[in-house]
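Encoded as structure tokens, the structure appears first; notes follow it.
All of the numbers you see were taken from the coordinates with simple rules; none came from a lab. Note that this is a predicted model, so its numbers are computed, not measured. Note that each Cβ is placed from the backbone with ideal geometry, even for glycine, and that neighbours are counted across all protein chains shown.
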Amino acid sequence: MDMSNVWPFPLSLRSKLAAAGYSTLASLQNVSPSALARDINVSREEALRILKTLHGNDKSSSHSSSGSSLLNGAKTAWELLCHENTRRRISTSCAELDSLLGGGICLQEVTEICGAPGIGKTQFSMQLAINVQIPKEADGVGGKVVYIDTEGSFMVERALQMANGCVAHLHSLSLSSLSSEYLDVDTYLSNIYYFRICNCTEQIAVVNHLEKFLEDHKEVKLIVIDSVTFHFRHNFEDMSSRTRILSSMGQKLMHISESHQLAVVLVNQVTTKFSGGISKLIPALGESWSHACTNRLILYWEDNQRFAYMYKSPSLPSVSAPFSVTQDGMCSVNYNKRQRV
Amino acid sequence: MSRKRCAPLPSVPKLTRKCSLGCPILDSFLNGGIPCGSITELVGECGSGKTQICLQVLLSAQMPLSQGGLNASSVYIYTESYFPFKRLQQLAKGFLDAGKLSLGILPTQKKFIFPENGFEPHCLEEDSTMTGLRKNMCPYLDNDKSNSASITHGLVTGSGDINPQGNGAGILQDHELHGTLSNEKVRDCHHVYNDISSSYDQTYSNKFPPKRPKISEVDVELHEYNHPCDNIFVQSIQNVEELNVYLDQVHLLLSRSLIMPVRLIVIDSIAALFRSDFNNSLKDLTMRTEWFFKISSKLKTYAHDYDIAVLVTNQVVDDVGSESLITQNSVHGMLSGNFGSLISSGRKVMPALGIGWSHCINTRLFLSRFSPPEWQAQPEYQHIGSSKASGRSIYIADPKQVNSDDLGSGYQISVLQQLESELPDDLLLTLSPKKCPSMNTVSGKPNVPYSYLERKTANISGHGYLQHGSLEKTDDVKDFGRPPLNSLRRKLQVIFAPHLPPSSCEFMVTTNQIFGVTTSSPVQPVCNKECKY
């Protein structure tokens with residue numbers, strides 16, 4: 001953006017800056033006073049004064065006084081690493097899955113879950129919607145959830161069952177510092193902001209509306225869209241427009257997760273791809289959508305057992321972990337086998 | 001969709017209403033019945049009972065809310081051949097006899113003309129009642145039923161001396177939307193004319209001189225009997241474009257406020273729409289998948305907006321193995337559902353329409369037929385015919401006992417049929433593997449062992465052996481230890497559902513109803529032990 005006409009300098013100085021190519025604040029961020037002096041043919045002190053004036057107008061606080069050229073809002077990798085280790089994660093109630101995910105679903109990241117029908121994607125997302133509300137005293141995140149349902153698979157009775165399981169689990173931890181509201185099933189259900197949308201226009205509208213919604217509801221720590229695919233598999237003659245809409249939606253969701261520090265979980269479907277005479281099942285919405293998520297989890301069956309596979313992750317290895325779905329929600333396989341006896 | 005949708009606001013999700021199936025065992029298996037607000041699919045091979053269950057749900061949806069029904073009318077869309085009207089009437093009769101449904105009585109008000117000289121009153125709105133309106137019916141209603149009646153039953157009220165009976169709230173109900181009529185209405189039509197003219201005569205001749213007063217128009221308060229079949233709207237659909245158009249019209253029907261609003265849509269079957277028009281080419285398959293999502297998106301929108309239940313039936317295809325869609329167990333193969341256990345009539349099957357359609361439904365229920373493994377294990381069970389009462393095949397146990405010279409299979413069938421007709425209605429006859437004395441010491445003829453069991457629970461109530469021409473009962477045995485040796489067993493299995501664990505339940509189809517059974521000692525495990533319940 002050309003800001004040169006608002007800078008508090010005399011016209012001659014501004015024209016010198018423009019002639020040398022400095023028209024935006026960003027272009028003046030990284031330049032040292034001597035380089036600037038050389039470029040616009042002024043003395044070094046003059047250049048230093050110019051830079052100081054501009055830095056003083058700038059509201060950013062991450063500059064050191066010596067003008068070390070840091071971009072607005074940039075952090076060092078060390079700061080990022082420290083921050084990442086303190087990031088909280090949402091447990092999935094299944095120990096193997098949690099270790100697969102490096103502790104659970106990470107906040108500030110977009111995770112996609114895909115799989116064939118009936119594998120447990122909706123169960124997974126409902127379990128996360130309950131588990132995000134586990135209070136901090138019990139090693140949880142203690143937040144609320146926005147559940148965007150596009151398929152009508154969210155059944156309150158199932159959420160009730162899972163909430164009961166969660167409450168039973170909290171009871172078993174017997175933490176004295178836990179306030180009684182976390183042991184009441186109704187609390188868990190009332191903390192779910194449920195949106196039911198019936199076509200892709202509504203889906204786009206809800207995602208656009210999320211920013212404002214989150215301003216008013218700061219305790220939301222999880223957004224679930226189940227499923228993000230359903231309304232985009234018809235009504236689009238032109239695939240490129242679909243790709244554009246999807247990528248803008250993906251960008252928005254990434255931005256929301258980053259800025260509001262919450263986790264976004266997207267549920268995706270699978271489709272068949274024929275290549276070289278063999279048909280494979282691949283995640284739906286195409287190749288370009290694969291870039292919209294940070295992590296991708298694929299759920300599949302093997303010999304009557306459900307597995308989750310970490311297909312894409314910036315930091316975690318690609319391994320599989322088994323899990324089960326029971327009356328109380330998701331759980332690990334050993335627990336299930338033990339309970340059966 | 002013409003329904004106004006406003007800015008996205010979070011809504012409070014309510015407990016899903018369920019539509020009972022009409023049988024307490026099946027209802028508890030499905031945690032209440034067919035859920036509203038989502039699409040439920042019944043998938044199974046031909047003859048597995050899909051249409052039967054659909055017909056029964058059409059009736060059970062009319063049951064009052066207190067009994068688990070929806071107190072609602074239904075729309076039945078059929079795509080294959082004909083509408084099973086006779087079977088629906090059979091089931092309706094079963095429901096009426098069992099007291100689950102009753103003939104509803106609707107107060108209504110119509111105008112009558114009493115001609116001065118004649119005795120027969122004419123209803124002013126005769127043309128505008130069922131007969132007439134159904135001629136200019138909206139295109140989605142079935143017009144080929146010729147049973148029509150304008151009035152069924154009534155009491156004349158009028159200006160003057162005749163007391164009105166019943167309440168005065170006569171509102172012309174939306175009778176014009178009833179697509180089918182029962183035979184009772186036709187009968188009652190004539191009855192009414194007699195009623196009105198006789199009451200007219202009686203009242204007036206006692207109080208007044210024979211000269212008739214000049215009444216030209218009289219408001220008549222009528223009571224109309226509403227047969228359960230009246231609350232079902234049927235439509236035949238041939239291809240998917242037609243279905244798309246029809247669903248837009250159904251929207252009008254859903255938004256109308258009837259006495260019994262439409263709260264159930266049944267499509268039987270959705271597979272037939274897609275199996276002929278689309279080739280196996282990639283382009284056609286992609287187009288077909290788009291149609292899946294278009295149709296199911298519309299259905300789900302209605303399901304949510306009007307809180308209705310949608311029931312769809314699907315067919316099966318043979319599961320041929322690795323050359324078709326993936327059956328490899330690997331993440332890149334991504335097994336398309338846990339289909340390993342779908343067996344019907346002894347062969348491996350999987351639902352038709354592929355994985356695209358599987359994504360469009362919320363709940364999938366698989367219906368199958370099977371024979372207990374004893375049949376395969378013991379080849380000496382010989383098929384001798386079918387029972388006249390139930391139509392089931394009858395096998396005879398240990399036919400070596402039977403001397404084939406003078407006891408042909410025809411005799412055996414007739415004896416068993418006679419036996420079945422002698423049993424009370426709540427008992428079923430089947431053959432048992434229990435050993436009995438092979439030869440009757442008295443008559444010298446061989447014995448045919450049988451057992452009878454309670455219809456409702458399929459628990460063995462007693463057994464005996466059949467002797468030549470007569471019925472001998474031995475001591476009743478409460479727990480027989482082995483399940484009944486029926487030639488055909490039916491199973492309803494949950495493949496996936498958001499609110500149900502994978503499990504199965506057996507059921508039976510009889511003349512009066514479809515009901516679930518709990519077997520005392522099941523041949524196969526009733527519940528797939530994936531989930532702890």
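In plain terms, the residue of A:Lys221, B:Lys294 with the fewest other Cβ atoms within 10 Å comes first and the most crowded comes last, giving B:Lys294, A:Lys221.
Between A:Asp186 and A:Ser241, the simple spin-label model (points 7 angstrom out along Cα→Cβ) gives 4.8 nm.
Quote the FRET efficiency, to the nearest 0.05, computed for B:Gln90 versus A:Ser34 with a Förster distance R0 of 60 Å and r equal to the Cβ-Cβ distance.
So, using R0 = 60 Å, E works out to roughly 0.05.
Helix A:121-131 axis versus longest C-alpha principal axis of chain A: approximately 70°, rounded to the nearest ten.
Note the full-extension length gain between B:Ile259 and B:Asn280 as 0.36 nm times their separation in residues minus their Cα-Cα distance, in nm to one decimal.
This chain segment gains 2.9 nm when fully extended.
Taking Cα atoms only, the orientation of helix A:44-57 departs from the longest principal axis of chain A by about 40 degrees. Cβ crowding within 10 Å ranks B:Val517, B:Val240 as B:Val240, B:Val517, fewest other Cβ atoms first.
With Rg and the Kirkwood Rh both taken from Cα atoms, where does Rg over Rh land for the range A:70-167? The partial results should precede the final answer.
On the way: Rg = 15.9 Å, Rh = 15.3 Å.
Checking Rg against Rh, the ratio lands at 1.04.
In this model, which of A:Lys52/A:Lys218; A:Lys121/B:Lys100; A:Lys121/B:Lys294 are farther than 30 Å apart at the alpha-carbon?
Details: A:Lys52/A:Lys218 37 Å; A:Lys121/B:Lys100 39 Å; A:Lys121/B:Lys294 22 Å.
Pairs exceeding the cut-off: A:Lys52/A:Lys218; A:Lys121/B:Lys100.
Do the alpha carbons of any pairs in B:Lys348/B:Lys491; A:Lys312/B:Lys348; B:Lys14/B:Lys300; A:Lys280/B:Lys298 sit beyond 25 Å of each other, and which pairs? Cα-Cα > 25 Å for A:Lys312/B:Lys348; A:Lys280/B:Lys298; rest within.
A:Lys136 to A:His217: FRET efficiency via 1/(1 + (r/R0)^6), r the Cβ-Cβ distance, R0 22 Å, to the nearest 0.05? Kindly include the intermediate steps, with their values, before the conclusion.
Values: r = 18 Å, r/R0 = 0.83.
Computed FRET efficiency for A:Lys136 and A:His217 comes out at 0.75.
Ordered by the number of other Cβ atoms lying within 10 Å of each residue's own Cβ, fewest first, A:Lys121, B:Lys93 fall into the sequence B:Lys93, A:Lys121.
Taking the longest Cα principal axis of chain A as reference, the axis of helix A:11-20 is set at about 60 degrees. Convex hull volume of the C-alpha atoms in chain A, normalised per residue: 198 Å³. Size of the range B:1-89: Rg and Dmax of its alpha carbons, in Å, are 15.7, 48. Springs join every pair of Cα atoms under 10 Å in this Gaussian network model of chain A, and among A:Leu175, A:Leu214, A:Leu51 the largest mean-square fluctuation is at A:Leu51. The charge dipole of the range A:89-331, taken about the Cα centre with unit charges on the Cβ atoms of Lys, Arg (+1) and Asp, Glu (-1), comes to about 600 debye, rounded to the nearest 20.
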